[in-house]
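See structure below.
The values are calculated or read from the model by the stated rules, or taken from the named source; none is laboratory data. What you see is a predicted model, and the numbers here were worked out from it, not measured in a lab. Note that we place each Cβ from the backbone using ideal geometry, even for glycine, and neighbour counts take in every protein chain shown.
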């Protein structure tokens, strides 16, 4: 249960999400590996962004906004979930997406259309250009009597990160109930907010547990994640004190962000064929493959069991082919 220091949130997902044992995978890799199934959060195809959006869209509604902007790549899971959640709240959603990657009407772009979002593809590699366009459109909307709320890529703000403080509170209760000696929490890191919330939440609810971000982008997350965690702690009125070895970043980017790695495909197939669980090839799937490679080389050998956070993204399976080595 939350205490009174938490900001307002709207109810969008179905929580708590399950904490599932992975017996076949655990036997194959000689480690107890669990999965926190945030892909089963009850909105669209699920994913980590819903927890963030519960806080971000609550703030938007409190400010009287009727329109929400966000951004990402053309196949952004965050953008799709923003469209889904905005539609539930009766808000117009405008997605300003980079014209990069799979831009045909496949995968998440199909879902964006189903949720009624306005999609504009912008030919740029710089999010600064997109944020400038958000500012321009916000002024146009204001002149017509509307008010817009802008969400940065991934919803990765200190406020959004609080969604994953909630997730760790859930996880702590589940681990206690299921007698899971958790030692590591691992998640994909693509903009930093989820990992930041996990770090802050672990310090509050699972002290001594190490948080590892698996970078699917080459941004400097070793600095970004603690900065976001500190900002979230300030919102909550908490202290945020780092300790030695409480957080680590490992990068598994490959050829580039949103580009699948042929070497990862066997790991995705293995999980599907042993546990019946789907991962996308460019975000959560990359993190999963990178984590298992680390396990194979002797990583995560201290502390206790591993909990991998499934952050969604399965629509990418319907947007691109799985590459083969």
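List of remarks:
- Scanning region 61-73 for residues that are within 19 Å of residue 48 (Cβ to Cβ) and buried (at least 24 other Cβ atoms within 10 Å of the Cβ) yields 68, 70, 71, 72.
- For region 194-232, filtering for residues that are touching a strand residue (DSSP E or B) at 6+ places or on another chain (Cβ under 7 Å), over 30 Å from residue 259 (Cβ atoms) and surrounded by fewer than 22 Cβ atoms within 10 Å (Cβ to Cβ) leaves 1.
- Count of residues meeting criterion [part of a loop (DSSP other than H, G, I, E, B), in contact (Cβ under 8 Å) with a residue 24 or more places away in the chain and over 26 Å from residue 54 (Cα atoms)] in region 105-154: 4
- Matching residues, region 219-252, being touching a helix residue (DSSP H, G or I) at 6+ places or on another chain (Cβ under 6 Å) and part of a loop (DSSP other than H, G, I, E, B): 240, 252
- Test: residue in region 160-167 that is farther than 18 Å from residue 49 by Cβ and assigned to a helix (DSSP H, G or I): no
- Residues located in region 238-275, provided they are farther than 23 Å from residue 297 by Cβ and surrounded by 18 or more Cβ atoms within 10 Å (Cβ to Cβ): 257, 258
- Test for residue 208: is it assigned by TED's automatic domain parsing to the domain that holds residue 287 and either under 14 Å from the mean Cα position of the chain (by Cα) or outside any strand (DSSP E or B) (or both): yes
- Residue 115 fulfils the conditions (1) in contact with a strand residue (DSSP E or B) (Cβ under 9 Å, 6 or more places away or on another chain); (2) modelled with pLDDT of 95 or more; (3) closer than 25 Å to residue 195 by Cα except for a single criterion, (3).
- Search result, residues across region 158-182 that are surrounded by fewer than 19 Cβ atoms within 10 Å (Cβ to Cβ) and closer than 13 Å to residue 210 by Cα: 181
- Per-region count, region 264-277, residues in contact (Cβ under 8 Å) with a residue 60 or more places away in the chain and in contact with a helix residue (DSSP H, G or I) (Cβ under 7 Å, 6 or more places away or on another chain): 4
- Condition met for residue 101 (at pLDDT below 95, out of contact with any helix residue (DSSP H, G or I) (no Cβ under 8 Å at 6 or more places or on another chain) and part of a loop (DSSP other than H, G, I, E, B)): yes
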